[in-house]
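The values are calculated or read from the model by the stated rules, or taken from the named source; none is laboratory data. Nothing here was measured: the structure is a model prediction, and the numbers come from that model. As a convention, Cβ positions derive from the backbone with ideal geometry for all residues, glycine included, and neighbour counts pool all protein chains shown.
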Amino acid sequence: MWNVNGKTALVTGGTKGIGKATVLEFLDLGAEVLFTARNENEVKDLEEHLRSESFAATGLVADVSVKEDREKIYKWIENKWNNLDILVHNAGINIRKKALDYTEEEYQKVLNINLISPFELSRMLHSFLERSSTASIINVSSVAALQDVGTGTPYAMAKAGLLQQTRSLACEWAKDGIRVNAVSPWFTETPLTKSFLSQQDKMKSIKERTPLRRIAKAKEIAAIIAFLAMEKSSYITGQNIVADGGMTINAI
């Protein structure tokens, strides 16, 4: 069946954009969802809304780049579920600058949240994923991992590293019943891209470069994530699905 009935799912960065769309997708498909984000008000508001709709959803205020917050996530899962079927690494940030303009603190922050944190959280939650026997990790990468799209070098470095993390863990953890895949979107309607896409010249250039002549909707990326979490995709691991409206195959 095309569902995730009875599955437990953790979505980081789950209150906005692709993360929020993924939370909603999983809930519609029958999963119980834990989502995290750094903003307490946003977490509380979304949790209250979802519960008012009778969804099995819990929000946790946590910054995945902070060890103590990762431990908070671990303890919640240990106390409430004691296993984990689906892990979506969606939390991410970007600081768009020229390479020479970054401070060390800025580029380390981009690398830590987008690359190091998924690795640390995956390792920490490995035992819960292994208990599932049909576990799926989905990393939200970017087409910036594949070619220069003007998003800044640290972001591109982090997302490229996340793709290799996907491949390596897929091989290493296959024996544990854990699949690991990635999704690489092109520009998508999210709060992270809002200010950039509000520039008419930038939006015009993106659409002209994209055969489908539009940017993605968050729910379109969430649908791919959901597929990779389903047992319908049980023979897929170590792969990266590029969701870009044809941009990366458009040579002219």
| said: For the stretch 1-24, give me each residue that is surrounded by fewer than 24 Cβ atoms within 10 Å (Cβ to Cβ) and either at positive phi or not in a helix (DSSP H, G or I) (or both). | reply: 1, 2, 3, 5, 6, 7, 8, 15, 16, 17
| message | Here is a check on your reading of the model: is residue 166 at pLDDT below 95 and either surrounded by 15 or more Cβ atoms within 10 Å (Cβ to Cβ) or under 21 Å from residue 247 (Cα atoms) (or both)? | response | no
| Conditions (1) farther than 24 Å from residue 6 by Cα; (2) surrounded by 19 or more Cβ atoms within 10 Å (Cβ to Cβ); (3) at pLDDT 95 or above; number of the one not met by residue 138 | (1)
| message | I'd like the residue in the stretch 136-179 that is free of Cβ contacts under 8 Å to residues at least 12 places away in the same chain and more than 19 Å from residue 99 (Cα to Cα) and, out of all such residues, is farthest from the chain's Cα centre (by Cα). | response | 175
